Amino acid sequence: MGNPDILLDVKDLKVHFPIEKGILLKKNAGWIRAVDGVSFSVRKGESLGLVGESGCGKSTTAMAVAQLEAATAGKVFFEGRDLSLLSSEELRRARMNFQIVFQDPYSSLNPRMRAGDLIAEPLRIYAGKKIISISENDIQKKTASLMDRCGLSPSFADRYPHEFSGGQRQRIGIARALSLGPKLILADEPVSALDVSIQSQILNLLKDLQQELDLTFLFIAHDLAVVEYFCSRIAVMYLGQIVETADSQTLYQQPMHPYTRALLSAVPLPDPKSARTRKRIILKGDVPSPSAVRSGCPFMERCPDVMERCRVEAPVLSDLNEKHQVACFLYDSPSKQI
Amino acid sequence: MSKEIILHIEGLRTEFQTERGVVQAVNDVSFDLHQGETLGIVGESGCGKSVTNFSILKLVQYPPGRITDGQVLYNEKNLLECSDEEIRTIRGKHIAMIFQDPLTSLNPVIKVWVQIAEALRLHQGMSKKEAKAKAIELLKLIGIPDAEQRADNYPHQFSGGMRQRVMIAMALSCNPDVLIADEPTTALDVTIQAQILEIIKNLSHGRKTSVIMITHDLGVVAEMCDAVCVMYAGRIVERASVDELFYDPKHPYSIGLLNSIPRINQDSDERLHSISGAPPDLIDLPHGCPFRPRCTQAMDICAQKSPPEFSIGGNELRTVACWLHEKEHSHG
């Protein structure tokens with residue numbers, strides 16, 4: 001793969017889950033198209049945000065990127081290597097470079113392991129498999145420094161997860177993800193389970209770590225303000241597809257896709273005066289089921305600007321300009337750019 | 001503001017017995033709800049905002065919960081002294097509640113219209129037929145498509161947003177004076193949240209219903225509320241009109257909270273302000289002000305005495321429980 005700046009390259013990724021019917025003789029009754037043809041790339045040092053509402057496929061995309069969910073079709077290239085072609089041994093080695101921070105720090109940490117052991121576990125596993133060589137003594141030291149770096153006192157190493165608050169647990173999750181020195185962090189809603197005052201602590205920590213350790217992020221969240229704050233570029237997903245990508249400033253100042261516009265205008269603003277004066281686009285109805293067989297644009301049922309063409313043909317993500325892509329027929333001819 | 005007070009809460013205290021000790025969930029909370037206003041109660045998890053409102057309708061389960069002190073005056077009647085029978089005539093009819101999670105608060109094995117009709121039959125003595133017609137009318141009002149057919153569905157056949165609409169239809173079925181909405185949109189996506197907030201706003205304005213809006217989302221407060229109480233560790237630390245809170249917050253906690261939300265269009269190079277530490281353990285509250293361990297402006301007195309609510313400029317509806325504002329109070 002050509003561009004050495006691109007750390008992660010996802011090409012036409014699809015993840016379809018079978019819907020099974022019957023108890024003994026299981027029959028396939030259709031497919032849930034959780035991710036349906038998603039392509040994007042993440043450059044070194046950048047943080048790409050994937051936003052969208054529940055069920056739009058953003059988490060499944062991250063899981064498929066991490067090879068924790070099998071892709072139905074499409075390719076994931078990490079540093080130019082196709083991850084699906086790797087043997088499990090090679091994949092294990094490759095995984096050192098991309099680690100996940102999960103959403104719920106209550107259920108993603110083993111309640112019977114102590115904080116120190118949770119953070120040291122990846123190191124111990126990789127040392128046990130002789131992929132890295134590190135002595136137990138150094139593991140202890142590294143764990144202590146990771147805890148310290150993530151804002152946890154190393155003296156808490158002997159405590160169990162239930163003895164920590166939500167924010168502290170997320171710090172354990174982050175320290176654990178950092179233990180193998182990854183290049184890419186897949187952060188799946190890392191702050192959505194936390195209260196605002198704690199959320200800002202964790203966002204600040206992630207931002208500091210990104211600068212210090214030169215990390216690249218694929219950041220998944222439903223909170224647009226959080227994504228705008230954290231990410232340099234944003235991809236908006238709807239019903240398993242990316243409908244718009246742009247750098248975060250452009251996306252917020254000039255949203256093009258009708259869904260992005262509605263999404264932005266639906267966010268309650270913490271500013272009563274502008275909340276009273278602004279015009280909101282209120283979408284009708286709900287997100288359609290990802291299992292329905294359909295043609296046309298995924299957003300057509302709810303789109304305020306729907307046209308005849310949208311019902312028969314699906315728009316593809318195409319360039320408005322170098323930094324802004326949108327999948328919508330409103331901007332189909334290049335001369336129509338606003 | 002000479003608006004009529006519809007609900008008067010004074011000195012409310014609610015505690016829970018646990019194995020570790022007594023949790024002081026609500027600690028001397030007082031506020032008034034005025035006719036036609038939307039009052040926001042905002043705070044982080046565990047600050048006592050939901051328990052406060054469960055206490056108003058005596059929905060705190062005993063054991064382990066117990067309302068130990070205070071009064072809730074509605075139509076000159078103290079709801080906390082009402083018998084179970086009496087309070088049942090008020091719940092749902094005069095004061096209705098919308099809960100956070102519509103999936104667990106609807107009965108999964110009862111048809112949607114039957115659940116809406118329950119209150120109508122109970123409180124308004126409607127026949128089954130009348131109640132069904134009214135339930136369908138309510139479903140139409142809140143924007144459920146094909147209301148006649150959907151009325152015969154069960155909750156699991158509805159989406160999250162539709163279930164929350166059903167909850168609203170149930171709550172509004174008897175034209176209550178007061179609607180208590182406990183995080184009504186927290187479980188929903190933003191575009192659905194916008195729909196639900198719009199419905200609550202339009203219906204409450206149209207019917208002059210007074211609303212208590214419990215939320216942790218300051219954006220929701222800014223969009224929906226006229227006045228706000230900020231709660232921390234079981235107490236109200238600041239009360240203000242919505243503009244006063246957002247443009248002139250006084251309590252260090254309110255200021256910290258407002259500064260720590262990332263805003264759209266905020267400069268991303270800027271670090272977010274954050275409040276260090278975590279909320280206190282309600283079993284073992286620090287001596288003095290509960291916010292002191294996290295407060296950047298803590299003084300000696302804060303460790304000794306818990307601050308009372310000082311009113312600012314002599315305005316009863318503008319208070320702050322912080323020693324920094326003691327002087328403004330005496331001048332006022």
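The values are calculated or read from the model by the stated rules, or taken from the named source; none is laboratory data. Quantities reported herein were computed from a predicted structural model and do not represent experimental measurements. Note: ideal-geometry Cβ built from the backbone for every residue, glycine included; neighbour counts use all protein chains shown. Remember, those area values only see protein heavy atoms, side chains included, never the ligands or the DNA or RNA. Shrake-Rupley method; radii C 1.70, N 1.55, O 1.52, S 1.80 Å.
Taking the Cα centre of segment B:81-176 as origin, work out the dipole magnitude from +1 charges on Lys and Arg Cβ and -1 charges on Asp and Glu Cβ, in debye rounded to 20. The partial results should precede the final answer.
Numbers: 13 positive and 11 negative charges, 63 e Å.
About 300 debye.
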Calc'd 3J(HN,Hα), segment A:211-227, phi into Karplus 6.51 cos²θ - 1.76 cosθ + 1.60 (θ = phi - 60°), Hz, glycine/Pro = x, comes to 5, 5, 9, 6, 8, 10, 10, 10, 10, 9, 7, 9, 8, 5, 5, 5, 5
Set A:Lys284/B:Lys134; A:Lys14/A:Lys284; A:Lys279/B:Lys128, cut-off 30 Å on Cα-Cα distance; pairs above it are A:Lys279/B:Lys128
Placing +1 on each Lys and Arg Cβ and -1 on each Asp and Glu Cβ in the protein assembly as shown, then taking the dipole about the Cα centre, the residue among A:Val10, A:Ile202, A:Tyr252 whose Cα reaches farthest towards the positive end is A:Val10
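How much net charge surrounds B:Asp284 when only other residues with a Cβ under 15 Å from its Cβ are counted (Lys, Arg +1; Asp, Glu -1)?
Numbers: positive: B:Arg20, B:Arg292; negative: A:Glu163, B:Glu15, B:Glu19, B:Asp281.
Taking every Cβ under 15 Å from that of B:Asp284, the sum is -2.
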Reduced to Cα centres, the span from segment B:134-181 to segment A:241-295 in Å works out to 25
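Under the 0.36 nm per residue contour assumption, what length would be gained going from the current alpha-carbon distance of B:Lys128 and B:Thr89 to full extension? Kindly include the intermediate steps, with their values, before the conclusion.
On the way: separation 39, 0.36 × 39 = 14.04 nm, distance 1.95 nm.
Here the segment from B:Lys128 to B:Thr89 would lengthen by 12.1 nm.
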Simple SL model, points at 7 angstrom along Cα→Cβ for B:Ile5 and B:Ser159; separation in nm is 4.4
Free-by-geometry Cys in chain A, Cβ-Cβ under 4.7 Å as pairing rule, reported as A:Cys56, A:Cys150, A:Cys231, A:Cys303, A:Cys328
Candidates A:Asn204, A:Asn137, A:Asn97; GNM for chain A (alpha-carbon contacts under 10 Å) flags as most fluctuating A:Asn137
With label points set 7 Å from each Cα along the Cα-to-Cβ direction at A:Ile281 and B:Arg121, the distance between them in nm comes to 4.4
Stretched fully, the stretch from A:Trp31 through A:Met113 gains (0.36 nm per residue minus C-alpha distance, one decimal, in nm) 25.7 nm
Under the rule rounded for a/c under 1.5, else prolate if a/b exceeds b/c, else oblate, using alpha carbon gyration tensor axes a ≥ b ≥ c, the protein assembly as shown is classed as oblate
Probe 1.4 Å, all chains present, heavy atoms only: B:Val22 accessible area in Å², nearest 10, is 50
Under 5 Å from the placed amide H of B:His34, counting only residues 5+ away or on other chains, we find B:Ile6
Put B:Glu270, B:Glu328 in order of accessible area, largest first, probe 1.4 Å, and you get B:Glu270, B:Glu328
For chain B, percent of DSSP beta bridges that are antiparallel (nearest 5) comes out at 60
Measure of exposure for B:Met299: accessible area at 1.4 Å probe, Å² rounded to 10, is 80
Rounded to whole angstrom, the alpha-carbon centroid of segment B:273-311 lies from that of segment B:213-265 at a distance of 18
Of all DSSP beta bridges with both partners in the protein assembly as shown, the antiparallel percent, nearest 5, is 65
With a Förster distance of 35 angstrom and the Cβ-Cβ distance between B:Thr296 and A:Ser274, calculated FRET efficiency to the nearest 0.05 equals 0.80
Sorted by accessible surface (1.4 Å probe, heavy atoms of the protein chains only), largest first, B:Thr68, A:Thr216 come out as B:Thr68, A:Thr216
When the charge dipole of chain B is computed with +1 on Lys and Arg Cβ and -1 on Asp and Glu Cβ about the Cα centre, the Cα farthest towards its positive end, among B:Met126, B:Ser306, B:Val26, belongs to B:Met126
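Find the accessible area per residue for segment B:51-123; the probe is 1.4 Å, ligands and nucleic acids are left out, and the unit is Å².
Details: 3940 Å² over 73 residues.
Value returned for segment B:51-123: 54 Å² of accessible area per residue.
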For segment B:49-66, Karplus-derived ³J(HN,Hα) couplings (6.51, -1.76, 1.60; θ = phi - 60°; whole Hz; x for glycine and proline) come out as 5, 6, 4, 3, 7, 5, 5, 4, 9, 6, 9, 7, 6, 10, x, x, x, 7
About its Cα centre, segment A:6-336 carries a charge dipole, from +1 on Lys and Arg Cβ atoms and -1 on Asp and Glu Cβ atoms, whose size in debye to the nearest 20 is 360
Sorted by accessible surface (1.4 Å probe, heavy atoms of the protein chains only), largest first, B:Trp113, A:Trp31 come out as A:Trp31, B:Trp113
Karplus ³J(HN,Hα) for segment B:203-215 (6.51 cos²θ - 1.76 cosθ + 1.60, θ = phi - 60°; Hz, whole; x = Gly/Pro) runs 5, 5, 5, x, 9, 6, 6, 8, 10, 9, 10, 9, 7
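With +1 on the Cβ of every Lys and Arg and -1 on the Cβ of every Asp and Glu, and nothing else charged, how large is the dipole of chain B about its Cα centre, in debye rounded to the nearest 20? Could you put the intermediate results ahead of the total?
Working: 33 positive and 43 negative charges, 193 e Å.
Roughly 920 debye for chain B.
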Too long for a 28 Å Cα-Cα cut-off, among A:Lys21/A:Lys58; B:Lys77/B:Lys208; A:Lys130/A:Lys207; B:Lys58/B:Lys327; A:Lys58/A:Lys183; A:Lys141/A:Lys183, are A:Lys130/A:Lys207; B:Lys58/B:Lys327
Expressed in angstrom and rounded, the centroid-to-centroid distance over alpha carbons for segment A:63-80 and segment B:1-60 is 50
Measure of exposure for B:Glu130: accessible area at 1.4 Å probe, Å² rounded to 10, is 100
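May I ask you to compute the full-extension gain from B:His205 to B:Arg66, defined as 0.36 nm times their residue separation minus their alpha-carbon distance, rounded to one decimal in nm? Write out the running numbers ahead of the final one.
Values: separation 139, 0.36 × 139 = 50.04 nm, distance 3.43 nm.
Separation in residues times 0.36 nm, less the Cα-Cα distance, equals 46.6 nm.
Just to be sure I understand: of the beta bridges DSSP finds with both ends in segment A:6-336, what percent are antiparallel, rounded to 5? Don't skip to the end; give the middle numbers.
Details: 31 of 49 bridges.
Of the beta bridges lying entirely in segment A:6-336, close to 65 percent run antiparallel.
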Counting only backbone N atoms under 14 Å from a point 7 Å out along Cα-to-Cβ of B:Leu317, the residues of segment B:231-267 in range are B:239-245
A student applying the Cα gyration tensor rule (rounded when a/c is under 1.5; otherwise prolate if a/b is larger than b/c, oblate if not) would label segment A:6-336 prolate
Extend 7 Å from the Cα of A:Ala292 along its Cα-to-C-beta direction; within segment A:233-249, residues with backbone N under 19 Å of that point are A:237-243
